[in-house]
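The block underneath contains the structure these notes are about, expressed in structure tokens.
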Amino acid sequence: MNNLKEEIIKKLYELYQRETAHMSFACKKGCTACCTQNVTMTATEGEMILNFMVNEDRLEETNNILRQAKTTYIPQSTPNNSCGDQNTADENWDFTPCYFLKENNCSIYPVRPFACRCFFSTSPCSLDQPAEQPEWLASLNWMMIQLIEHVGQGEFWGNMTDILLELSSQGRYIGRDWQGEGIKVDRARFRLLKAEPVREFVVDPLAQRKIELFLQRISKTAINGGTIGSILGM
Ligand code: SF4
Ligand code: SF4
């Protein structure tokens, strides 16, 4: 099932990229003020990152990153359980630069999670100047985040560091010497939440029609002998 989940998530990334390709943003290569450790994601997205690191022969680097990483941003609810509260005003918001940044570029760019893919701004932003997005795009992003959680329902959802720590403890990715980090992994697992199905999409009424049309396109998209809609029960 996880391969199918991965295929669906990749297809959702692709559809989203096409939907937003015509827009112009202030974002450009090397602009990284938004790359902090507040990233959240599903376990499937975490597996995609770890598989990428295995293929790139960067597992030792991953071990070192996870040993040193501290989780300060801990979401209290998943998107599908939060009634549209996007956890943006959390007092634990952590502005420490993301550990995957290398020479001002994302070193896992092909497999960066959706939370990174949807972070655009129409004006240059910084620590003092938050990102700006049109309302409909913020709504579209939230719908996609809900949908990706729906794909991962039943698995862990939470802070990127905690997801990667939890997956690493399964022994598929990390070598024998990881065993000594049991307490760190237990704490990460304790902080994680369970991904839930969509009960209803939280959409700005002005963006509703646009998002409905996009959802219909997603639903009809062919995958694995069926459609995304038939597989996800949409
Ligand atoms: S969201 Fe802001 S910091 Fe991030 S790339 Fe765009 S302009 Fe730069
Ligand atoms: S994973 Fe990549 S895109 Fe996402 S915050 Fe880290 S460096 Fe930035």
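The values are calculated or read from the model by the stated rules, or taken from the named source; none is laboratory data. Since the model is a prediction, treat every value here as computed from it, not as a measurement. Heads up, the Cβs are rebuilt from the backbone with ideal geometry, glycines too, and the neighbour counts pull from every protein chain shown.
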- Message: Any residue in the range 26-40 that is on the phi > 0 side of the Ramachandran plot sitting within a Cβ distance under 8 Å of a residue that is within 11 Å of ligand 2 (Cβ to nearest atom) and assigned to a loop (DSSP other than H, G, I, E, B)? List the pairs, counting only those 6 or more apart or interchain.
- Response: Gly30/Asn104
- Query: List pairs: first in the range 44-59 and farther than 10 Å from Ile163 by Cβ, second crowded, with 22+ Cβ neighbours inside 10 Å and not hydrophobic (A, V, I, L, M, F, W, C), Cβ under 6 Å, 6+ apart or cross-chain?
  - Reply: Met53/Thr62
- Message: From the list Phe119, Phe95, exactly one residue is within 16 Å of ligand 1 (Cβ to nearest atom), under 26 Å from Lys194 (Cα atoms), surrounded by 16 or more Cβ atoms within 10 Å (Cβ to Cβ) and modelled with pLDDT under 95. Which is it?
- Response: Phe119
- Note on the structure: Quick count over the range 113-140, residues being more than 16 Å from ligand 2 (Cβ to nearest atom) and closer than 18 Å to Gln17 by Cβ, is 8
- With a cut-off of at least 3 residues that are modelled with pLDDT under 90 and over 17 Å from Ala115 (Cα atoms), name the helices (runs of 4 or more DSSP H) lying wholly within the range 1-87. 59-68
- Tally time: how many residues in the range 1-30 are crowded, with 16+ Cβ neighbours inside 10 Å and touching a Pro at 6+ places or on another chain (Cβ under 7 Å)? 0
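Residues are listed down the side, and each one gets a yes or a no for (1) within 14 Å of the chain's Cα centre (by Cα); (2) surrounded by 18 or more Cβ atoms within 10 Å (Cβ to Cβ); (3) of a type outside the set (Val, Ile, Thr):
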{"site": "Glu47", "(1), (2), (3)": "yes, yes, yes"}
{"site": "Asp57", "(1), (2), (3)": "no, no, yes"}
{"site": "Glu60", "(1), (2), (3)": "no, no, yes"}
{"site": "Tyr109", "(1), (2), (3)": "yes, no, yes"}
{"site": "Ser123", "(1), (2), (3)": "no, no, yes"}
{"site": "Trp136", "(1), (2), (3)": "no, no, yes"}
